[in-house]
1. Kindly list, by first and then second residue, each pair from a residue in the range 86-113 that is of a type in the set (Asp, Glu) and assigned to a helix (DSSP H, G or I) to a residue that is surrounded by fewer than 21 Cβ atoms within 10 Å (Cβ to Cβ) and modelled with pLDDT under 90, limited to pairs with Cβ atoms under 8 Å and residues at least 6 apart or on different chains.
2. Could you list, in sequence order, all residues of the range 150-169 that are at pLDDT below 95 and either among the charged types (D, E, K, R) or surrounded by 15 or more Cβ atoms within 10 Å (Cβ to Cβ) (or both)?
Amino acid sequence: SLYDAYFFFRAADMRCAVDRVAEEDSFSVTYGGSSCEILRTTDALAVVEEMARGNGGNGEGAPAPFDVVFVDADKTRLLDYVEACTSTDRLLKRGGLILVDNVLWKGLAVDAGNGWSRTNIEEEEEDGMTDRELKKNRRARKLAGIMHAFNDAVVNDERLEVVMLPLRDGLSIIRKR
């Protein structure tokens with residue numbers, strides 16, 4: 001998100017300013033006299049894949065390959081982002097880091113690995129929940145399963161070294177070998 005990017009720049013002690021574009025579908029960060037677009041209304045994975053192929057997509061003057069890529073995106077496509085970063089050195093340098101947010105998914109990603117049974121989930125859902133709560137619960141459990149599968153895949157990928165930090169909703173620091 002915009003706030004993630006802004007505070008990432010601030011934490012890295014980069015003096016920056018965020019400029020809002022009139023259409024409000026694009027934001028940029030100014031750093032050391034250079035400007036870099038950090039939010040654009042588009043399919044982010046398509047842009048990342050274009051950058052990995054060496055076809056630009058990263059705006060004028062953006063310094064790819066990068067040292068760090070922060071991913072807080074569609075949870076069902078996280079492995080696609082990691083693959084784009086690791087399949088070539090055009091997007092992320094060797095030794096570069098991929099930071100992935102929400103890897104614990106409300107703590108449920110750990111439970112997903114313990115093998116929920118469908119019966120237990122249904123019994124728990126029927127226990128006085130409204131339709132809205134049931135829908136939210138099902139979505140959270142589905143995404144927890146997706147996050148568990150993601151975590152399992154990156155830990156078992158020989159191209160990567162992974163450290164998972166239990167900060168808030170979980171943050172994985174993935175190093176490209």
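1. Short answer, once both residue conditions are applied: none.
2. Those that are at pLDDT below 95 and either among the charged types (D, E, K, R) or surrounded by 15 or more Cβ atoms within 10 Å (Cβ to Cβ) (or both): Arg168, Asp169.
The values are calculated or read from the model by the stated rules, or taken from the named source; none is laboratory data. Keep in mind it's a predicted model, so treat the numbers as computed, not measured. Positions of Cβ are generated from backbone atoms using ideal geometry, with glycine treated the same way; all protein chains shown enter the neighbour counts.
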